[in-house]
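Let me begin by presenting the structure, written as C-alpha cells, before commenting on it.
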Amino acid sequence: MSLTFKNAKVLWSGGFSQEPISMSGDRIVDGNFKPIDLSGYLILPGIVDMHGDAFDHHIAPRPSAPLDISLAFPRIDIELASNGITTAWLAKSWSWEGGRRSPEHAKEFAELLDKYRLKSLTDLRLQLRCETHTVDSLRDLLHSIKKFNIDYLVFNNHLADAMGVLSKSDDAFAAWAAQVGKSFLEQKETVLRYNDIRNSEVHQYLLAIMEHVKKYDLVAGSHDDPDKKTRRYFSELGAKICEFPLSIEAANEAKRRNEPVLMGAPNVLRGGSQSGNIAAEDLIKNGLCDVLVSDYYYPSLYLAALKLVRERVLTLEQSWDLISRNPARIMRLDDVGELAFGKRANMVIVDRSNMAIEATVSKGKFAFVSGKFMDSFIFQNIGISTVAA
C-alpha cells in the first residue's frame, strides 16, 4: 500500500513539521502517492513498549478461569494497536512460583507466540522475567532463550515478598497457592526450599546466564531494585537496564552508570505507585527516567505521555520520546521509534481536537481505525485496505 498523508502535524525525527509523510510497503519513503488529507490530526511514531503484562487478562479473564493461550493473541494484538503500540515485549515470568508463572507455561506461551507472529498486526516480542533462584532450570532456560529468539531478559527476586506473605497471612498465602494450583502446604514447601538456596549458588547461576547473554548480544536488566547495592550488583553482572527501581538511590546509581531507568506509565497516570513505591513523575522531573512502559495497563503509555504535556512537565516531543525513540534505541531497533525516510511505517494518528488515537499504522498497514478517521478516510477511499477495524 502506498499513501501520502498531507496537512497533518507530523513528529519527524527532527521535530514537528507540516511536511507530508508517505509510505510504501512497510517503509516511510520520499514519494507522492494517493493523497489523504489529515487536517486536524497529529502523526506520531508508533509506540515501543518494553514491558507489559496486561495480556494476562486475555489468558485468564478470572484467575481461576484460564483459557487456551492461542485464543489470547489476536485480542492482545488488537488491544496494543488500538493504543498506538506497534512494538511490544510481552513480559512473561520464568519462576518457581508455579501456575502461569512457571517455566512450563512460559515455554508454551513462547511456542504459540512464535506461530502467531506470522500473522500479527504489531511486532510482538517476548521478555523473560527470570526469578534469580530458579537455579535448577539453567539448561532449560538457555535452550528456550535460543529456541524462541528471546532478546530481552530481566531478573526478579520475589522470595522476600513470598516469605512476607507466609509470615503475615495464612489466608493470603492459601489464596495465592490455590491460584497456582497448589495446596497451602505444597506452596509453603516450595517457597522454603527455594529460599534456602545459597547465595553463592544463585550467583553462579546468574553468571552462567549472563555468559549466554553476552555471547548472543542480548539485552538484560533487573526488576524492582530496592537499593544502590542491588543495582550495582546487577550492573556489574551485565544486566544494565534498571526496571522499576524501588528507591531514588537505585535510580541514581543507574544514572551514575549511564544505564537506562524504566518506570510504569500507570504510575504517572495515578500520580504514584499502586504499591506505595517511588513516583515515576518525580523521577522524570529529576531526569532519572528514560522510558515509560505499559506495565499492567496498555492505554497508560499514550495517556501518561499526554498527562506529562498537560502538566507542563515535558513537551510532547520529550514525552513521546519516553515511549518511542528511547525504548527503540535501548533495544537496538534502528528502524522504529521515529519517523524518517527508510524507517518502518509505524505511525499513530491522533485527532488534535480531543487527542484520541483514531488510527494506528503498523508495518505499513492499518492495524486499527476508528472515529472520524474511519468515517472520512477509510470507507470513502475504497482503494485503502484495512488489516483490522
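The values are calculated or read from the model by the stated rules, or taken from the named source; none is laboratory data. Everything numeric in this text was worked out from a predicted model, so none of it was measured. Cβ sites come from the backbone with ideal geometry, for glycine too, and all protein chains shown count toward neighbours.
General remarks:
- The set of residues in the range 175-228 that are surrounded by 17 or more Cβ atoms within 10 Å (Cβ to Cβ) and free of Cβ contacts under 8 Å to residues at least 24 places away in the same chain comprises Trp176, Ala177, Lys188.
- For the range 200-225, the set of residues classified as within 19 Å of His51 (Cβ to Cβ) and in contact with an Asp or Glu (Cβ under 9 Å, 6 or more places away or on another chain) consists of Leu218, Val219, Gly221, Ser222, His223, Asp224, Asp225, listed by residue number.
- Test: residue in the range 260-272 that is touching a strand residue (DSSP E or B) at 6+ places or on another chain (Cβ under 8 Å) and over 19 Å from Ser319 (Cα atoms): no
- The range 331-353 - residue that is surrounded by fewer than 18 Cβ atoms within 10 Å (Cβ to Cβ) and within 19 Å of Asp37 (Cβ to Cβ) and, of those, nearest to the chain's Cα centre (by Cα): Arg352
- Some residue of the range 157-164 being within 18 Å of the chain's Cα centre (by Cα) and at pLDDT 90 or above: no
- Arg325 touching a Gly at 6+ places or on another chain (Cβ under 9 Å), modelled with pLDDT of 95 or more, surrounded by fewer than 22 Cβ atoms within 10 Å (Cβ to Cβ) and not hydroxyl-bearing (Ser, Thr, Tyr): yes
- Taken over the range 158-203, the criterion of being polar (S, T, N, Q), touching a helix residue (DSSP H, G or I) at 6+ places or on another chain (Cβ under 8 Å) and within 30 Å of Lys240 (Cβ to Cβ) is satisfied by Asn195 alone.
- Residue count, the range 3-22 (criterion: touching a strand residue (DSSP E or B) at 6+ places or on another chain (Cβ under 6 Å) and either aliphatic (A, V, I, L, M) or free of Cβ contacts under 8 Å to residues at least 12 places away in the same chain (or both)): 6
- Selection of helices (runs of 4 or more DSSP H) fully inside the range 235-354 by the criterion of at least 3 residues being of a type outside the set (D, E, K, R) and farther than 25 Å from Asp56 by Cβ returns 248-256, 300-310, 316-321.
- Residue in the range 134-160 that is farthest from Ile209 (Cα to Cα), counting only those that are of a type outside the set (D, E, K, R) and in contact with a Leu (Cβ under 6 Å, 6 or more places away or on another chain): Ile150
- Against the test of being closer than 24 Å to Ser324 by Cα, crowded, with 18+ Cβ neighbours inside 10 Å and touching a residue at least 40 places away in the same chain (Cβ under 8 Å), the options Ala81, Ala110, Ala162 yield a single qualifying residue, Ala81.
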